[in-house]
Amino acid sequence: MRATVKYRLVFVVLMILSFVLGVNWTPETLASDVDKWSLYLISALYFVLLPLSYWYCIINKGAQKLWKLIVIFSLSSLVARLSFPAEIAHYFEFIAWLRYPIIAVLLVIELYLIVSVVRGLLKVRKLKGDPRVGAVETYREGDEKSLTIALIMASEATNWFYSIPWFSRNHPPAIANINLNSAARWHVWLMLTACIVASCSSYLLLVSWSEWAAIIVSSIIGYTLMSIVANHRLSRYYSLYFMRDNLVINNSLWGFMLVNIGDINLVEEQGSTELHKDESESIMIGRGSSNVTITLTRPVIYHGGMGQLPEPISKIHLCVDEPHKLVTAIKQSKLSIAA
(Lines give C-alpha, C1' and ligand atoms only; values in the text may rest on other atoms or scores of the structure.)
Protein backbone atom coordinates (compact mmCIF):
# COMPACT_ATOMS: atom_id res chain seq x y z
CA MET A 1 0.00 0.00 0.00
CA ARG A 2 1.37 3.38 -1.02
CA ALA A 3 1.98 6.14 1.52
CA THR A 4 -0.76 8.38 0.08
CA VAL A 5 -3.35 5.61 0.41
CA LYS A 6 -2.20 4.92 3.97
CA TYR A 7 -2.71 8.56 4.92
CA ARG A 8 -6.19 8.58 3.38
CA LEU A 9 -7.16 5.49 5.35
CA VAL A 10 -5.71 6.99 8.54
CA PHE A 11 -7.83 10.10 8.10
CA VAL A 12 -11.01 8.13 7.35
CA VAL A 13 -10.53 6.02 10.49
CA LEU A 14 -9.77 9.11 12.58
CA MET A 15 -12.84 10.91 11.21
CA ILE A 16 -15.16 7.99 11.95
CA LEU A 17 -13.79 7.56 15.48
CA SER A 18 -14.02 11.31 16.14
CA PHE A 19 -17.65 11.57 15.10
CA VAL A 20 -18.70 8.36 16.89
CA LEU A 21 -16.99 9.37 20.14
CA GLY A 22 -18.11 12.99 19.80
CA VAL A 23 -21.79 12.15 19.26
CA ASN A 24 -21.82 9.68 22.17
CA TRP A 25 -19.96 11.94 24.61
CA THR A 26 -21.69 15.22 23.75
CA PRO A 27 -23.68 16.37 26.81
CA GLU A 28 -27.40 16.97 26.33
CA THR A 29 -27.25 20.19 28.37
CA LEU A 30 -24.59 22.51 29.75
CA ALA A 31 -25.62 22.17 33.37
CA SER A 32 -22.13 21.92 34.85
CA ASP A 33 -18.54 22.91 34.18
CA VAL A 34 -17.78 19.30 33.27
CA ASP A 35 -20.40 19.44 30.52
CA LYS A 36 -18.92 22.68 29.21
CA TRP A 37 -15.39 21.31 29.15
CA SER A 38 -16.61 18.18 27.39
CA LEU A 39 -18.21 20.31 24.71
CA TYR A 40 -15.04 22.42 24.38
CA LEU A 41 -12.96 19.29 23.80
CA ILE A 42 -15.43 17.88 21.28
CA SER A 43 -15.56 21.21 19.44
CA ALA A 44 -11.75 21.25 19.29
CA LEU A 45 -11.88 17.71 17.93
CA TYR A 46 -14.37 18.66 15.20
CA PHE A 47 -13.03 22.05 14.17
CA VAL A 48 -9.30 21.90 14.97
CA LEU A 49 -7.99 18.34 15.04
CA LEU A 50 -10.01 16.99 12.10
CA PRO A 51 -9.26 19.94 9.75
CA LEU A 52 -5.55 19.74 10.66
CA SER A 53 -5.59 15.99 10.04
CA TYR A 54 -7.37 16.52 6.72
CA TRP A 55 -4.82 19.12 5.69
CA TYR A 56 -1.88 16.86 6.60
CA CYS A 57 -3.19 13.50 5.33
CA ILE A 58 -5.20 14.54 2.27
CA ILE A 59 -3.98 17.94 1.10
CA ASN A 60 -0.32 17.85 2.09
CA LYS A 61 0.53 14.16 1.66
CA GLY A 62 -1.97 13.63 -1.15
CA ALA A 63 -1.00 16.81 -3.05
CA GLN A 64 -4.63 18.04 -3.22
CA LYS A 65 -6.03 21.57 -3.37
CA LEU A 66 -6.37 23.67 -0.19
CA TRP A 67 -9.99 24.66 -0.91
CA LYS A 68 -11.05 21.07 -0.19
CA LEU A 69 -10.79 21.88 3.53
CA ILE A 70 -14.35 23.17 3.21
CA VAL A 71 -15.50 19.55 2.98
CA ILE A 72 -14.45 18.62 6.50
CA PHE A 73 -15.59 21.95 7.99
CA SER A 74 -19.05 21.46 6.45
CA LEU A 75 -19.26 17.89 7.71
CA SER A 76 -18.22 18.90 11.22
CA SER A 77 -20.81 21.70 11.21
CA LEU A 78 -23.53 19.26 10.19
CA VAL A 79 -22.65 16.83 12.99
CA ALA A 80 -22.53 19.72 15.48
CA ARG A 81 -25.96 20.92 14.35
CA LEU A 82 -27.46 17.48 14.91
CA SER A 83 -25.73 16.52 18.18
CA PHE A 84 -24.80 19.63 20.16
CA PRO A 85 -27.02 20.91 23.02
CA ALA A 86 -29.89 23.10 21.88
CA GLU A 87 -28.39 26.31 23.27
CA ILE A 88 -25.29 25.78 21.10
CA ALA A 89 -26.77 23.90 18.15
CA HIS A 90 -28.75 26.95 17.01
CA TYR A 91 -25.46 28.60 16.02
CA PHE A 92 -25.23 25.95 13.33
CA GLU A 93 -28.77 26.59 12.13
CA PHE A 94 -27.38 27.72 8.79
CA ILE A 95 -26.83 24.01 8.04
CA ALA A 96 -30.59 23.42 8.35
CA TRP A 97 -31.25 26.32 5.98
CA LEU A 98 -29.03 24.60 3.48
CA ARG A 99 -31.85 22.09 2.96
CA TYR A 100 -33.35 24.10 0.12
CA PRO A 101 -30.09 24.86 -1.74
CA ILE A 102 -29.13 21.19 -1.31
CA ILE A 103 -32.43 20.06 -2.83
CA ALA A 104 -31.92 22.56 -5.66
CA VAL A 105 -28.40 21.25 -6.27
CA LEU A 106 -29.68 17.67 -6.22
CA LEU A 107 -32.32 18.58 -8.79
CA VAL A 108 -29.64 20.11 -11.00
CA ILE A 109 -27.54 16.94 -10.60
CA GLU A 110 -30.55 14.82 -11.48
CA LEU A 111 -31.20 16.87 -14.63
CA TYR A 112 -27.51 16.76 -15.46
CA LEU A 113 -27.55 12.97 -15.17
CA ILE A 114 -30.48 12.76 -17.58
CA VAL A 115 -28.69 15.00 -20.09
CA SER A 116 -25.44 13.08 -19.54
CA VAL A 117 -27.17 9.78 -20.20
CA VAL A 118 -28.46 11.01 -23.56
CA ARG A 119 -25.13 12.58 -24.51
CA GLY A 120 -23.22 9.52 -23.29
CA LEU A 121 -25.37 7.16 -25.34
CA LEU A 122 -24.84 9.28 -28.44
CA LYS A 123 -21.08 9.44 -27.93
CA VAL A 124 -20.35 5.77 -27.29
CA ARG A 125 -22.21 4.30 -30.27
CA LYS A 126 -19.12 4.19 -32.51
CA LEU A 127 -16.25 4.47 -30.03
CA LYS A 128 -13.43 1.91 -30.22
CA GLY A 129 -11.90 2.61 -26.83
CA ASP A 130 -12.20 4.26 -23.44
CA PRO A 131 -13.42 7.90 -23.79
CA ARG A 132 -11.00 8.93 -21.03
CA VAL A 133 -8.07 8.05 -23.30
CA GLY A 134 -9.04 10.79 -25.74
CA ALA A 135 -9.38 13.28 -22.88
CA VAL A 136 -5.87 12.53 -21.59
CA GLU A 137 -4.36 12.59 -25.09
CA THR A 138 -5.89 16.02 -25.69
CA TYR A 139 -4.97 17.67 -22.39
CA ARG A 140 -1.95 15.64 -21.23
CA GLU A 141 0.50 18.47 -21.87
CA GLY A 142 -1.95 21.26 -21.05
CA ASP A 143 -3.76 22.73 -18.07
CA GLU A 144 -4.45 20.33 -15.19
CA LYS A 145 -7.86 21.92 -14.56
CA SER A 146 -8.88 21.38 -18.18
CA LEU A 147 -7.89 17.72 -17.94
CA THR A 148 -9.84 17.28 -14.69
CA ILE A 149 -12.98 18.76 -16.26
CA ALA A 150 -12.47 16.66 -19.40
CA LEU A 151 -12.24 13.48 -17.33
CA ILE A 152 -15.42 14.40 -15.45
CA MET A 153 -17.24 14.95 -18.73
CA ALA A 154 -15.89 11.67 -20.14
CA SER A 155 -16.90 9.61 -17.09
CA GLU A 156 -20.55 9.24 -18.09
CA ALA A 157 -19.69 8.00 -21.57
CA THR A 158 -17.15 5.64 -20.00
CA ASN A 159 -19.79 4.10 -17.74
CA TRP A 160 -22.14 3.45 -20.63
CA PHE A 161 -19.33 2.26 -22.87
CA TYR A 162 -18.27 -0.50 -20.49
CA SER A 163 -21.60 -1.40 -18.89
CA ILE A 164 -23.26 -2.43 -22.18
CA PRO A 165 -21.29 -5.08 -24.13
CA TRP A 166 -22.63 -3.91 -27.51
CA PHE A 167 -21.00 -0.49 -27.08
CA SER A 168 -17.57 -2.01 -26.34
CA ARG A 169 -17.73 -4.59 -29.15
CA ASN A 170 -14.94 -2.76 -31.08
CA HIS A 171 -12.69 -2.37 -28.02
CA PRO A 172 -8.98 -3.15 -28.50
CA PRO A 173 -8.21 -6.64 -27.15
CA ALA A 174 -6.55 -7.05 -23.79
CA ILE A 175 -2.87 -7.96 -23.66
CA ALA A 176 -3.16 -9.56 -20.23
CA ASN A 177 -5.39 -9.20 -17.17
CA ILE A 178 -4.50 -7.48 -13.93
CA ASN A 179 -5.49 -9.51 -10.88
CA LEU A 180 -8.22 -7.30 -9.41
CA ASN A 181 -10.92 -8.05 -6.84
CA SER A 182 -13.39 -6.07 -8.94
CA ALA A 183 -12.98 -8.62 -11.75
CA ALA A 184 -14.46 -11.41 -9.61
CA ARG A 185 -18.12 -12.39 -9.88
CA TRP A 186 -18.61 -12.39 -6.11
CA HIS A 187 -17.39 -8.78 -5.97
CA VAL A 188 -19.87 -7.43 -8.52
CA TRP A 189 -22.80 -9.22 -6.84
CA LEU A 190 -21.74 -7.90 -3.45
CA MET A 191 -21.49 -4.34 -4.80
CA LEU A 192 -24.86 -4.58 -6.57
CA THR A 193 -26.52 -5.79 -3.38
CA ALA A 194 -24.88 -3.03 -1.31
CA CYS A 195 -26.01 -0.41 -3.83
CA ILE A 196 -29.64 -1.55 -3.70
CA VAL A 197 -29.57 -1.62 0.12
CA ALA A 198 -27.99 1.86 0.23
CA SER A 199 -30.59 3.26 -2.17
CA CYS A 200 -33.51 1.91 -0.16
CA SER A 201 -31.94 2.92 3.17
CA SER A 202 -31.30 6.49 2.00
CA TYR A 203 -34.94 6.85 1.03
CA LEU A 204 -36.15 5.60 4.41
CA LEU A 205 -33.74 7.87 6.28
CA LEU A 206 -34.54 11.03 4.31
CA VAL A 207 -38.25 10.70 3.63
CA SER A 208 -39.19 12.23 7.00
CA TRP A 209 -36.90 15.21 6.28
CA SER A 210 -37.92 15.75 2.67
CA GLU A 211 -39.66 13.37 0.28
CA TRP A 212 -38.14 15.13 -2.71
CA ALA A 213 -34.64 14.79 -1.30
CA ALA A 214 -35.30 11.13 -0.45
CA ILE A 215 -36.42 10.34 -4.01
CA ILE A 216 -33.55 12.23 -5.62
CA VAL A 217 -30.80 10.83 -3.38
CA SER A 218 -32.05 7.24 -3.61
CA SER A 219 -32.34 7.48 -7.40
CA ILE A 220 -28.82 8.91 -7.70
CA ILE A 221 -27.45 6.07 -5.56
CA GLY A 222 -29.45 3.56 -7.59
CA TYR A 223 -28.02 4.99 -10.78
CA THR A 224 -24.55 3.81 -9.69
CA LEU A 225 -25.68 0.28 -10.55
CA MET A 226 -24.50 1.04 -14.08
CA SER A 227 -21.08 2.12 -12.80
CA ILE A 228 -20.76 -1.10 -10.79
CA VAL A 229 -21.40 -3.20 -13.90
CA ALA A 230 -18.99 -1.04 -15.93
CA ASN A 231 -16.35 -1.37 -13.22
CA HIS A 232 -16.65 -5.17 -13.27
CA ARG A 233 -16.49 -5.53 -17.06
CA LEU A 234 -13.56 -3.10 -17.33
CA SER A 235 -11.62 -4.96 -14.63
CA ARG A 236 -12.40 -8.40 -16.01
CA TYR A 237 -11.86 -7.85 -19.74
CA TYR A 238 -10.01 -4.58 -20.42
CA SER A 239 -7.50 -3.90 -17.64
CA LEU A 240 -4.46 -3.80 -19.99
CA TYR A 241 -4.48 -2.97 -23.68
CA PHE A 242 -2.80 -0.91 -26.38
CA MET A 243 -4.57 2.05 -27.95
CA ARG A 244 -2.70 3.90 -30.66
CA ASP A 245 0.83 4.47 -29.23
CA ASN A 246 -0.27 4.12 -25.61
CA LEU A 247 -0.42 1.40 -23.01
CA VAL A 248 -3.67 1.78 -21.07
CA ILE A 249 -3.55 0.48 -17.48
CA ASN A 250 -6.87 0.28 -15.65
CA ASN A 251 -6.99 -0.17 -11.90
CA SER A 252 -10.76 -0.74 -12.22
CA LEU A 253 -12.75 2.46 -12.83
CA TRP A 254 -11.14 4.01 -9.76
CA GLY A 255 -7.84 4.80 -11.43
CA PHE A 256 -6.06 4.50 -14.74
CA MET A 257 -2.86 5.47 -16.52
CA LEU A 258 -2.17 6.30 -20.12
CA VAL A 259 1.50 5.52 -20.76
CA ASN A 260 3.02 6.47 -24.07
CA ILE A 261 5.13 3.57 -25.35
CA GLY A 262 8.01 6.00 -25.91
CA ASP A 263 8.01 6.87 -22.19
CA ILE A 264 8.72 3.25 -21.19
CA ASN A 265 12.40 2.90 -20.35
CA LEU A 266 12.40 -0.70 -19.11
CA VAL A 267 9.91 -3.51 -18.67
CA GLU A 268 10.91 -6.67 -16.85
CA GLU A 269 9.28 -9.81 -15.60
CA GLN A 270 9.90 -10.48 -11.94
CA GLY A 271 9.34 -13.62 -9.93
CA SER A 272 6.60 -12.44 -7.56
CA THR A 273 8.73 -9.79 -5.86
CA GLU A 274 7.31 -7.57 -3.14
CA LEU A 275 6.92 -3.84 -3.64
CA HIS A 276 8.70 -1.52 -1.22
CA LYS A 277 5.65 0.15 0.24
CA ASP A 278 7.30 3.53 0.78
CA GLU A 279 8.97 3.66 -2.62
CA SER A 280 8.47 7.19 -3.94
CA GLU A 281 6.55 7.79 -7.17
CA SER A 282 5.73 4.10 -7.49
CA ILE A 283 2.42 2.32 -7.67
CA MET A 284 1.34 -1.28 -7.21
CA ILE A 285 -1.71 -2.36 -9.22
CA GLY A 286 -3.21 -5.79 -8.77
CA ARG A 287 -3.96 -8.22 -5.97
CA GLY A 288 -0.87 -10.12 -4.81
CA SER A 289 2.86 -9.67 -5.36
CA SER A 290 4.05 -7.82 -8.43
CA ASN A 291 5.40 -9.89 -11.32
CA VAL A 292 5.96 -7.14 -13.91
CA THR A 293 7.74 -3.82 -13.37
CA ILE A 294 7.59 -0.94 -15.84
CA THR A 295 10.13 1.85 -15.38
CA LEU A 296 9.38 5.15 -17.10
CA THR A 297 11.74 7.75 -18.52
CA ARG A 298 9.65 10.52 -16.95
CA PRO A 299 6.77 10.70 -14.46
CA VAL A 300 3.35 9.88 -15.90
CA ILE A 301 0.13 10.86 -14.15
CA TYR A 302 -1.90 8.15 -12.44
CA HIS A 303 -5.49 9.39 -12.46
CA GLY A 304 -6.87 8.07 -9.17
CA GLY A 305 -10.26 8.77 -7.67
CA MET A 306 -11.86 8.42 -11.13
CA GLY A 307 -9.57 11.14 -12.41
CA GLN A 308 -9.85 13.53 -9.44
CA LEU A 309 -6.69 12.47 -7.53
CA PRO A 310 -3.76 12.82 -9.95
CA GLU A 311 -0.34 11.53 -8.87
CA PRO A 312 2.98 11.45 -10.79
CA ILE A 313 4.33 7.90 -11.15
CA SER A 314 7.77 6.82 -12.39
CA LYS A 315 7.61 3.07 -11.72
CA ILE A 316 4.63 0.74 -12.13
CA HIS A 317 4.44 -2.65 -10.41
CA LEU A 318 1.77 -4.95 -11.83
CA CYS A 319 0.35 -8.28 -10.77
CA VAL A 320 -0.98 -9.90 -13.95
CA ASP A 321 -2.09 -13.36 -15.03
CA GLU A 322 0.33 -13.61 -17.98
CA PRO A 323 3.47 -11.58 -17.20
CA HIS A 324 5.61 -13.01 -20.00
CA LYS A 325 2.96 -12.19 -22.61
CA LEU A 326 2.70 -8.59 -21.34
CA VAL A 327 6.48 -8.03 -21.32
CA THR A 328 6.83 -9.47 -24.84
CA ALA A 329 3.97 -7.33 -26.19
CA ILE A 330 5.44 -4.11 -24.76
CA LYS A 331 8.92 -4.87 -26.11
CA GLN A 332 7.55 -5.65 -29.57
CA SER A 333 5.50 -2.46 -29.53
CA LYS A 334 8.61 -0.42 -28.63
CA LEU A 335 10.55 -2.04 -31.46
CA SER A 336 7.80 -1.36 -34.00
CA ILE A 337 7.59 2.30 -32.98
CA ALA A 338 11.40 2.68 -33.10
CA ALA A 339 11.46 1.16 -36.58
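The values are calculated or read from the model by the stated rules, or taken from the named source; none is laboratory data. Only a predicted model underlies this, so the values are computations on that prediction, with no experimental measurement involved. We place every Cβ from the backbone using ideal geometry, glycine too, and count neighbours over all the protein chains shown. Note: areas computed on protein heavy atoms with side chains; ligands, DNA, RNA excluded. Shrake-Rupley method; radii C 1.70, N 1.55, O 1.52, S 1.80 Å.
Relative to one another, the C-alpha centroids of the range 1-75 and the range 162-237 are positioned 30 Å apart. Residue ranking by accessible heavy-atom surface, 1.4 Å probe, largest first, among K68, K315, K331 comes out as K331, K315, K68. Of the whole protein surface, V12 contributes about 70 Å² of accessible area at a 1.4 Å probe radius. One quarter of the convex hull surface built on the alpha carbon atoms of the range 277-339 amounts to 5.2 nm², the projected area averaged over directions.
To the nearest 20 debye, what charge dipole does the range 204-339 have about its Cα centre, counting +1 at the Cβ of each Lys and Arg and -1 at the Cβ of each Asp and Glu? Spell out each step's value before the answer.
Working: 10 positive and 12 negative charges, 69 e Å.
That gives the range 204-339 a dipole magnitude of about 340 debye.
What the phi angles of the range 257-264 give under the Karplus curve with 6.51, -1.76 and 1.60, with θ = phi - 60°, is a coupling list of 10, 10, 9, 5, 4, x, 8, 8 Hz, glycine and proline written as x. If only the Cβ of Lys and Arg carry +1 and only the Cβ of Asp and Glu carry -1, the dipole of the range 292-335 around its Cα centre is close to 240 debye. 3J(HN,Hα) couplings calculated from phi for the range 42-52 with the Karplus curve 6.51 cos²θ - 1.76 cosθ + 1.60 (θ = phi - 60°) are, in sequence order, 5, 5, 5, 5, 6, 10, 10, 5, 5, x, 5 Hz; Gly and Pro show x. Extension gain for L82 to D35 (0.36 nm times residue separation, less C-alpha to C-alpha distance): 15.2 nm. The accessible area of E211, taken with all protein chains in place and a 1.4 Å probe, comes to roughly 110 Å². Values of log10 I(q)/I(0) for the range 130-242 across q = 0.10, 0.15, 0.24 Å⁻¹ run -0.40, -0.80, -1.21, by the Debye formula with one identical scatterer at each alpha carbon and no solvent. For I221, the accessible area of its heavy atoms, probed at 1.4 Å with every protein chain present, is near 50 square angstrom. Taking amide hydrogens as placed 1.01 Å from N in the peptide plane, the amide H of N260 sits under 5 Å from those of L247, each at least 5 positions away in sequence or on another chain.
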